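Engineer: Supplied in structure tokens, the structure appears directly below.
The values are calculated or read from the model by the stated rules, or taken from the named source; none is laboratory data. Values in this document were obtained by computation on a predicted structure and should not be read as measured data. Neighbour counts are summed over all protein chains in view; Cβ atoms, including those assigned to glycine, are modelled from backbone coordinates with ideal geometry.
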């Protein structure tokens, strides 16, 4: 259930990174810093509009934009801010009708921005950002060809702007994120890189984003929180530094900011702080002032299920009943089926799994995995399911205790494979590294004869483990082993993370 800018730029079908990084970079990363240049003025109205939009109070934000356009029609910065309203509405609602209805705004805004001051660093920058916004929106609906060319145009504009204004720091922010994710692109998307003319590595991109972040701390502090949130996600997904990411995310104010509530809960969940994530979602600001963000019900239900909380079914049911989009519908029904299996003897299990098969799309990895499970008709083993859910929620000792109830000799081969993988994950978190390595290696060996993801994911985890220990050679070996497998769930996600690891340890 997780989101990525790589998915945004190249159609990466990556659940883990889609579940969170995609959403964050969509909502935050490409907004300009303050400029007082003629025709790109960050007035009081623009400042408030920006704050309202970034809190996901979109109607309020647009009212300030309209006031500014009436009082100062030559302030072209309003067109870039207004573009965020369309992007957020399309992306969060997942409504293709909204995309089609709002699409004419793109060319209208670009024409207005082209009337701005060509000597301003925001002249090309703002045009690039609008192109990127609509590429993001198109890729939500798999409109790859048009989106690729919009990304290519945006990238060229940013590169030209960097050449003309090398001291303009927002260039580093935008290009840095692109460069970082280009370094993680799986081989089956290399054709997209060639079309776009992109290049970059993870370390290069991280340095550029960090440079922009340092600039905001020592100069203008505008948008510091947003940049820190972006950097926090990069630290988790690309730099394997979750503790530093949480250090940043925990400071985000969430009382009146729905976006921050999402960011904080996501990073908390990603760093094993499930209870904090649940609290952030339960206490999130709600009401008519905010855009409807139904995905957060799915997220909350998932987190509650991860601690084996029977109340998980309520937010999950709200999600499938109210969400009009495509993604995570199948996975939500699978989780409702799991809930039935664990709490009411499976009386509704088959009913939910039938809905899982018949409703929603198979774009993100979580939905693809759920759909495959629905088709094969096999129920998960309860002990393994509980261990999986507890681990995902950061309840490692409870997960270990569940696995201890299993007798390997009484398990089917696929369950033995899963057991070894889950033991590896739990032992690693509990500090039992020697045992974790043994379980991972057993999972890898058996994984070559399976279409499940446990083998390649064990390779990835060993790569991360050895990288943390400073053993680059072994880390490199296991990262490369990830590419020995194919045709399994989460393939794009695992390969992207493996490529990010190889980039980090590159000599």
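Engineer: Of the numbered conditions (1) surrounded by fewer than 20 Cβ atoms within 10 Å (Cβ to Cβ); (2) farther than 21 Å from residue 205 by Cβ, residue 268 fails exactly one; give the number of that condition.
Structural biologist: Every condition holds for residue 268 apart from (1).
Engineer: Still on this structure, I have one more. Determine, yes or no, whether residue 361 is over 19 Å from residue 142 (Cα atoms) and touching a residue at least 24 places away in the same chain (Cβ under 8 Å).
Structural biologist: It is false that residue 361 is over 19 Å from residue 142 (Cα atoms) and touching a residue at least 24 places away in the same chain (Cβ under 8 Å).
Engineer: How about the stretch 192-205: which of its residues are part of a helix (DSSP H, G or I) and either more than 14 Å from residue 233 (Cβ to Cβ) or modelled with pLDDT of 90 or more (or both)?
Structural biologist: 192, 193, 194, 195, 196, 203, 204
Engineer: A follow-up question, please. Which numbered condition in (1) over 29 Å from residue 276 (Cβ atoms); (2) surrounded by fewer than 16 Cβ atoms within 10 Å (Cβ to Cβ); (3) in the same structural domain as residue 423 (by TED's automatic domain parsing) is the only one that residue 358 fails?
Structural biologist: (3)
Engineer: A follow-up question, please. With the condition kept exactly as written, say whether any residue in the stretch 103-118 is surrounded by fewer than 22 Cβ atoms within 10 Å (Cβ to Cβ), within 14 Å of residue 40 (Cα to Cα) and out of contact with any helix residue (DSSP H, G or I) (no Cβ under 9 Å at 6 or more places or on another chain).
Structural biologist: For the stretch 103-118, residues surrounded by fewer than 22 Cβ atoms within 10 Å (Cβ to Cβ), within 14 Å of residue 40 (Cα to Cα) and out of contact with any helix residue (DSSP H, G or I) (no Cβ under 9 Å at 6 or more places or on another chain): present.
Engineer: Here's a follow-up. I need the full set of residues from the stretch 469-494 which are at pLDDT below 90 and not in a loop (DSSP other than H, G, I, E, B), in order please.
Structural biologist: 491, 492, 493
For every residue, the table says whether it meets (1) more than 30 Å from residue 482 (Cα to Cα); (2) touching a helix residue (DSSP H, G or I) at 6+ places or on another chain (Cβ under 7 Å).
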{"position": "163", "(1), (2)": "yes, no"}
{"position": "169", "(1), (2)": "yes, yes"}
{"position": "178", "(1), (2)": "no, yes"}
{"position": "200", "(1), (2)": "no, yes"}
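Engineer: Within the stretch 237-255, work out how many residues are touching a residue at least 40 places away in the same chain (Cβ under 8 Å) and either closer than 17 Å to residue 429 by Cα or in a loop (DSSP other than H, G, I, E, B) (or both).
Structural biologist: Looking only at that region, the number is 3.
Engineer: Of the residues 471, 492, only one is crowded, with 24+ Cβ neighbours inside 10 Å and either free of Cβ contacts under 8 Å to residues at least 24 places away in the same chain or under 27 Å from the mean Cα position of the chain (by Cα) (or both); which?
Structural biologist: Within the list 471, 492, the selection yields 492.
Engineer: Please find, within the stretch 225-239, the residue that is surrounded by the most Cβ atoms within 10 Å (Cβ to Cβ) out of those that are closer than 22 Å to residue 183 by Cβ and more than 15 Å from the chain's Cα centre (by Cα).
Structural biologist: Checked the stretch 225-239; the qualifying residue surrounded by the most Cβ atoms within 10 Å (Cβ to Cβ) is 227.
Engineer: Just wondering, is there one or more residues in the stretch 404-411 that are outside the structural domain of residue 329 (by TED's automatic domain parsing), buried (at least 17 other Cβ atoms within 10 Å of the Cβ) and either assigned to a loop (DSSP other than H, G, I, E, B) or without any contact (Cβ under 8 Å) to a residue 40 or more places away in the chain (or both)?
Structural biologist: yes
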